[in-house]
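These notes are about the structure you will find just below.
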Amino acid sequence: MNDIAPINANNVIADAPLFRNMVWIPGGSFLMGSDKFYPEEAPVHRVRVDGFWMDRFTVTNGDFENFVAATGYVTLAEKPANPDNYPGALPDMLSPSSTMFKKPAGPVDMRNHYNWWVYVRGANWRHPRGPASSIRKLADHPVVHVAYEDVQAYASWASKELPTEAEWEFAARGGIDGADYAWGDEFTPDGRHMANTWQGEFPCRNTLEDGYEYTAPVGSFPANGYGLFDMAGNVWQWTTDWYQEHGRIDSPCCTADNPRGAAREASYDPRQPDVKIPRKVTKGGSHLCAPNYCRRYRPAARMAQPVDTSISHLGFRCIVRLNGGGDP
């Protein structure tokens, strides 16, 4: 991991322990969303956010291990599921488990994501690639298999918070307003891979041109204009916002009068009307995003994630808001 001291315009509090490996995001007005890719990203509209500090890297296995050692915390994936929340679920699906990507042997029906996603008993943050795996050599990789309540618990312990969708997207753009990617409008400028994504035919053939099949150590690819790493690819990242129509995000500012941003209603998966598990917005795409299936390695991209679900390509990073927003 790159150990770069965080800075801001006047370096007032950059050396405080809380802000170590954090970056000051100055806030401002920006064009949120995209009209060029997926319908859930539209319409493009102008949004303003106040300044905040953001983790330079996604939270790593080493970071999360320190949290668990200090608190004894047990993640959702390490506990049996409540059968009342999942009517008709098979008993195996209620055992301590998490969702993992399983690469099929050949081309499959792309309309059915169960062709590559499976529930794996014993998969959790300690065993990110299945029960026989470990994090022994993955301390600097992003922690995965963490549900929303898990990341909230970590953030609270660290005296931090999770970003709103607008805060995350503003930070991901790195000061380049309206660009397709966190680094500009070209996906691989001069042939250089700028993020850990999938090359080849998803989900059965990954040519590994970027050097990674699974997660990469944080900071393995270039930082964006604000000095933030992995704001595209590697792992999706949780935000605090309930998933809803994108155009309704018109007042996300965090101010003294509105410290958490605009209140939103919880969203449920319309494909599962009997399962009332609310969904949050996740951002950034992952190492499984590919041009032939999921071009969501962009700041505007968004995905609905049930709050009870952990998965092998979803992590998080935290922020700190000062005095309800504004400069430190």
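The values are calculated or read from the model by the stated rules, or taken from the named source; none is laboratory data. All values reported here derive from a predicted model rather than from experimental measurement. All Cβ positions, even for glycine, are placed from backbone atoms using ideal geometry, and neighbour counts span all protein chains on display. Note: accessible area is taken over every heavy atom of the protein model, side chains too, but ligands, DNA and RNA are not part of it. Shrake-Rupley method; radii C 1.70, N 1.55, O 1.52, S 1.80 Å.
The table that follows gives values for the structure above.
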| item | result |
| --- | --- |
| Charge sum, other residues only, whose C-beta stays under 11 Å from His145's C-beta, Lys/Arg counted +1 and Asp/Glu -1 | 0 |
| Spatial separation of Cα centroids for segment 55-109 and segment 176-192, in angstrom | 32 |
| Of every Cα-Cα pair in segment 114-170, the percent that sits beyond 20 Å | 43 |
| Karplus 3J(HN,Hα) series, Hz, for segment 112-126 with 6.51 cos²θ - 1.76 cosθ + 1.60 (x for Gly, Pro) | 10, 5, 5, 6, 9, 10, 9, 7, 10, 5, x, 7, 6, 4, 6 |
| Accessible area in the full protein assembly, largest first, 1.4 Å probe, for Cys204, Cys289 | Cys204, Cys289 |
| Nonlocal amide H pairs with Tyr86, under 5 Å, H built at 1.01 Å | none |
| Peptides ranked, highest mean first, by Cβ atoms within 10 Å: ranges 302-311, 78-87 | 302-311, 78-87 |
| Ordering of 185-192, 125-132 by burial proxy (mean other Cβ atoms within 10 Å per residue, highest first) | 125-132, 185-192 |
| Ratio Rg/Rh, restricted to segment 153-194 and using Cα atoms, in which Rh is the Kirkwood radius | 1.18 |
| Radius, Kirkwood style, for segment 119-232 when every pair of distinct Cα atoms is counted (Å) | 16.4 |
| Cα pair count fraction exceeding 24 Å, expressed as % - segment 1-159 | 56 |
| For Cys289, residues with placed amide H under 5 Å, excluding near neighbours | Trp198 |
| Segment 32-179: relative contact order as a whole-number percent, Cα under 8 Å and 6+ apart | 24 |
| Note, ³J(HN,Hα) from phi for segment 77-94, Karplus 6.51, -1.76, 1.60, rounded to Hz, x at Gly and Pro | 5, 8, 10, x, 7, 7, x, 5, 7, 9, x, x, 5, 5, x, 4, 6, 9 |
